[in-house]
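Here's the structure, in structure tokens; my notes come after.
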Amino acid sequence: MIDFHLNGRRQRCADVRADESVLELLRTTLGQTGTKEGCASGDCGACTVAIGEQDASGELVYHSANACITPAHQLQGCHLVTVEGLAQGERLHPAQAAMVDCHGSQCGFCTPGIVMSLFTLYERQRRAPAPLTQERLEAALGGNLCRCTGYRPIRDAALAMGDYPAADPAWIADPELGRPADSQPAEPATAEAGHYVAPRDIAALRTLKAERPQARLVAGATDLWLETTQQLRALDDLIDVRRVAELNAIDEIDAGWWIGGAVTLARLMPLLTAPYPAFEHLMHRFASSQIRHRATLGGNIANASPIGDTPPVLLALDARVRLDGPRGERELPLAAFFLDYKRTALAEDEFIAAIFLPRPVAGHRLKVWKLSKRREDDISAVLAAFAWRLEKGVMRDVHLAFGGMAAIPRRAPAAEAALEGRAPDAAAFAAARAALAEELAPMTDVRGSAEYRRLAAGNLLERLRLMIAAEGEPADHDNDNRDPATKVTLDAYAH
């Protein structure tokens, strides 16, 4: 049984499959067909809906999500808003009215998802009015790919919708929205085959993993759900860790931060702003807003993809992971977690409880570059994360980490040794590039050949040398990644 609200009306849905998506529930069970299926992989945004959940203060906050890869069971206690729920009779919501007046709809297939992204942007503006900068528009609409390429009218609609008279849906102030979850009985502590179970604390999760070690863990589902939508595999034994309290905590200590495995990337971003602005800015180029509000740091690591965006950065920062399970917890360096392609140090009955992010020391620098075919909503071909200090004109604590250059995300110790203790000059970096070419064996796939990746990785090292030479040795450089000389993303349109 899933108890939630849909467009202001309470719904109780029984006999929902463990691997049923929000999109399937909407279209086949609830008859709400305004939400469309495009890619069924969370890339195009046609199926975007808004999910309202209560924050710590009890306020209902809406975020966009891809309905095609969001587990239907995760609607428990939420308020789901679709394109059918915005208008009041003939009176359109400002997001809809602006799209009509600005001619933002072309063939119309992707329009419902675009409207819902605009709705979540409108709601954020309602809570915290602020100028709609280019960066904010990109964040709101970067996950909606218009097939007719009519982006300017859509942008015009986004800028104009705040000028329309308020036309709130009738349900907007309903105090009952988002409350059913707290009134439901506690989730069962055990799971049966073909079952979806959502423990609320780490003790219950340990019990479940002891009883069913083969059960798959799901949090944001942004990668796992592709197994059912793209590969047609059944996901019929799932343990949802998204509501485990301990896995959602961020604990700050003197040495750094322990970040719970179920903390979403959207929640992580504000934490990174001051200590690691390069890491924070990379998150703006991590998929889309729809994905960042659901994808978790623990999931991006456990996925063990060689082209995952966060692992190279975490490797460059000497991150650690805490694994947990019915046999107790243990810690290990993140570098020891990745063993081989899609193979990790996680035992069958273990899960990632938390990731430790060290606090930067004085003079620490971090540079991150992501190579992709397009700037918005794309997976990297190569991602490089470089960390170092300049001390009396020489490089210290050099960490060079790469994604897309091996079967696993990994550091390049030989290239690091070529730079350690040396001035950042052409000779030192030439030696580092030569070492890098020997120690890493990049893969060939649709995003790039091994030869391209090898050349690109060496060029990124040379780019680092040129950047250091251009900047000199500033006393306290904040590494502004919005500057063209130090930007994060190097895509097909980079100059």
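The values are calculated or read from the model by the stated rules, or taken from the named source; none is laboratory data. Predicted, not measured: the structure shown is a model, and the values here were computed from it. Heads up, the Cβs are rebuilt from the backbone with ideal geometry, glycines too, and the neighbour counts pull from every protein chain shown. Surface accessibility is based on the protein's heavy atoms, side chains included, excluding ligands, DNA and RNA. Shrake-Rupley method; radii C 1.70, N 1.55, O 1.52, S 1.80 Å.
Pairs of Cα atoms in the range 221-363 fall into 5 Å distance bins, from 0 up to the last occupied one, in shares of 2, 9, 19, 24, 22, 15, 7, 2, 1, 0, 0 percent. Taking label points 7 Å from Cα along the Cα-to-Cβ direction, residue 211 and residue 151 give a separation of 5.0 nm. The length gained by stretching the chain between residue 201 and residue 397 to full extension, at 0.36 nm per residue less their Cα-Cα distance, is 66.7 nm.
Residue 246 exposes around 80 Å² of accessible area when a 1.4 Å probe is run over every protein chain in place. Between the exposed loop cleavage positions of the chain, defined as chymotrypsin sites (Phe, Trp or Tyr not before Pro) in a non-H, G, I, E, B DSSP state with at most 12 neighbouring beta-carbon atoms within 10 angstrom, the longest gap is 1-340. In this calculation the C-beta distance from residue 57 to residue 427 is compared with R0 = 51 Å, giving a FRET efficiency of 0.35. Residue order by solvent-accessible surface for 240, 340 is 340, 240, largest first, with ligands and nucleic acids left out and a 1.4 Å probe. For the range 77-159, just say rounded, prolate or oblate: build the C-alpha gyration tensor, square-root its eigenvalues into a ≥ b ≥ c, call rounded for a/c under 1.5, and beyond that prolate if a/b exceeds b/c, oblate if not. Verdict is rounded for the range 77-159. Heavy-atom accessible area, probed at 1.4 angstrom with all protein chains present, ranks 73, 293 as 293, 73, highest first.
Projecting the Cα atoms of 406, 93, 323 onto the charge dipole of the chain, computed from C-beta unit charges around the Cα centre, puts 406 farthest toward the positive end. Please state, as a whole number in µm²/s, the translational diffusion coefficient that the Stokes-Einstein equation yields for the range 274-324 at 10 °C and 1.306 mPa s, with Rh defined as the Kirkwood radius across alpha carbon pairs. Rounded, D is 133 µm²/s. If the segment from residue 342 to residue 253 were pulled out straight at 0.36 nm per residue, it would be longer than the present Cα-Cα gap by 28.9 nm. Accessible surface of residue 13, taken over heavy atoms with a 1.4 Å probe and every protein chain present, rounds to 10 Å². The residues neighbouring residue 167, those whose beta-carbon lies less than 14 Å from its own, together hold a net charge of -3 under the Lys/Arg +1, Asp/Glu -1 convention. Scaled against 2.2 N^0.38 Å for its residue count N, the alpha carbon radius of gyration of the range 347-437 is 1.29. In this rough spin-label picture, where each label sits 7 Å from Cα along the Cβ direction, the residue 374-residue 127 distance is 2.9 nm. Straightening the chain between residue 230 and residue 10 buys 76.1 nm, computed as 0.36 nm per residue apart minus the Cα-Cα spacing. Projected onto planes of every orientation and averaged, the convex hull of the alpha-carbon atoms in the range 335-385 covers 5.9 nm².
In terms of the Cα gyration tensor, with a ≥ b ≥ c the square roots of its eigenvalues, is the range 298-455 rounded because a/c is under 1.5, prolate because a/b exceeds b/c, or oblate? Because a/c hits 1.5 or more and a/b fails to exceed b/c, the range 298-455 counts as oblate. Under 5 Å between amide hydrogens, built in the peptide plane, is the criterion, and for residue 70 it picks out 22, 23 among residues at least 5 positions away or on other chains. Restricting the range 272-366 to trypsin sites (Lys or Arg not before Pro) that sit in a DSSP loop and have at most 14 other Cβ atoms within 10 Å of their own Cβ leaves 327, 342. These residues, 57, 64, 449, go from largest to smallest accessible area, 1.4 Å probe, as 57, 449, 64. Largest first and in whole Å, the equivalent-ellipsoid semi-axes of the range 1-99 read 20, 17, 14, each the square root of five times a Cα gyration tensor eigenvalue.
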